[in-house]
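The values are calculated or read from the model by the stated rules, or taken from the named source; none is laboratory data. Please read these numbers as outputs of a predicted model, since none were measured by experiment. Cβ sites come from the backbone with ideal geometry, for glycine too, and all protein chains shown count toward neighbours. Areas reflect the complete protein model, heavy atoms only, side chains present, ligands, DNA and RNA absent. Shrake-Rupley method; radii C 1.70, N 1.55, O 1.52, S 1.80 Å.
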Amino acid sequence: MSASPKAPVHPKAPAVLVLEDGRTFRGRSYGAEGTALGEAVFATGMTGYQETITDPSYARQLVVQTAPHIGNTGVNADDAESRRIWVAGYIIRDAARRPSNWRSEQSLDDQLREQGVVGIEGVDTRAVTRHLRERGAMRAGIFSGADASLSADQLVEKVVAQPSMAGSRLAEEVSIGEAYVVEPADHGWTGGTVATIAALDLGIKAMTPKHFAQRGVRTVVLPAGATFDDVAAVRPDGVFMSNGPGDPATADAQVELLRRVLDERMPFFGICFGNQILGRALGFGTYKLRYGHRGINQPVLDRRTGKVEITSQNHGFAVDAPLDGPVEAPAGGYGRVEVSHVSLNDDVVEGLACLDLPAFSVQYHPEAAAGPHDSAYLFDRFIDLMLAEKQNPGAGDVVAASALDAGSESEALADAAAAELGTHGSKVTGTQPRHGTTQLSSTTQEEN
């Protein structure tokens, strides 16, 4: 029997992680050599590292993985959440010497090197995480090769010279250049089109249009700079705004676009950055969290049902809205709004619901991959909202759409589980969800 081919061995140069307060952590180069600058943050997921590094919401961030062993299952083309790796740098403790998984197509180390992403291994990531929890996310740099030989003062000078994440406008940098369409048939749906949505790509993850497609929804994905005329040209049944990186205080264009959407009473659903944009459109402020919520184990309370969901999250900013609602939207003209979901770790706003308009949003990621499927029913809730508004314009509201009984919610979770193979590149069976009877109406951190 012939021996199995061995993965290529790359020499590991010295590397150092430098934080803006002067704290340093030494290790070995992982991925490309050179310099990576960004905001140092930690992610608590024990799995799904490929989905993490390809999530556009991590743009300009140096991600610390709290899981101690990274790279053991390699990477493949199916699990990427976008067209490329977006993390500015990668910080891990123990790197797998070689991947071992039947779906692996390449080692993580090689893919990082191939895409020019600078990383560091051999770092005490527990110590880094504790430091960031105590002092907050901060600017940092990874230096390897010749750059690592500079003096500590020189390295700190490079770190502090970079811009802060606060005030950074990044959604346009990660968004697409041209619109594209994801059809239900692309992901196994065998019935007619249930609805059509216009989705603003602020850093959208691939699993989001897949979830819609698996429910019969046609998604037209538009660039971050799309205008209301671009949205209207789609003739959508609803509008969606995605997750994305940067400071929501810089998203003035998207806020104005959403106000036009609300004025026209188009059903709206937003996640993560989209939640923050809805908050701003309604007149609330946003603020930067001390170290953010990043991981696939974040508990959230649905205040209307009392249900606790374990959620996937990746955000460093939050909406500043009163928890003792409902209240009148400060912007005026948008009626009542309430905080629908809160974080059980720190009471951060995790969802908003308009009570007089067909609009709602959540701060977390119901499309989680890897991650829990507790929140997958929110896609069904949005479909309910669109269909209700289409059948009886002016009558759709989030309260009615959120009145999911236990059976419906269980079915939504079962659908998500049945489609799990589809999240890993296999064909979805095309099982029709509970919306089949209404198709005639549509043609178209805390670390846990």
Quiz item: Any residue in region 251-269 that is buried (at least 18 other Cβ atoms within 10 Å of the Cβ) and assigned to a strand (DSSP E or B)?
Solution: yes
Quiz prompt | Residue ID - nearest to the chain's Cα centre (by Cα), chosen from residues in region 50-79 that are open to solvent by less than 20 Å² (accessible area, probe 1.4 Å) and of a type in the set (Ser, Thr, Tyr) | solution = 57
Quiz item: Restricting attention to region 138-163, which residues are surrounded by 14 or more Cβ atoms within 10 Å (Cβ to Cβ) and hydroxyl-bearing (Ser, Thr, Tyr)?
Solution: 144
Practice problem: Would you mind finding the one in 169, 135 that is closer than 10 Å to residue 20 by Cβ and open to solvent by 60 Å² or more (accessible area, probe 1.4 Å)? | Solution: 135
Quiz item: Any chance region 30-42 includes a residue that's closer than 22 Å to residue 207 by Cβ and open to solvent by 10 Å² or more (accessible area, probe 1.4 Å)?
Solution: no
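Condition check ((1) open to solvent by less than 10 Å² (accessible area, probe 1.4 Å); (2) among the basic types (Lys, Arg); (3) part of a helix (DSSP H, G or I)) across all residues:
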| residue | (1), (2), (3) |
| --- | --- |
| 190 | no, no, no |
| 193 | no, no, no |
| 212 | yes, no, yes |
| 218 | no, yes, no |
| 224 | yes, no, no |
| 229 | no, no, yes |
| 245 | yes, no, no |
Quiz item: Considering only residues of region 282-340 that are of a type in the set (Ser, Thr, Tyr) and open to solvent by less than 30 Å² (accessible area, probe 1.4 Å), which is farthest from residue 246 (Cα to Cα)?
Solution: 334
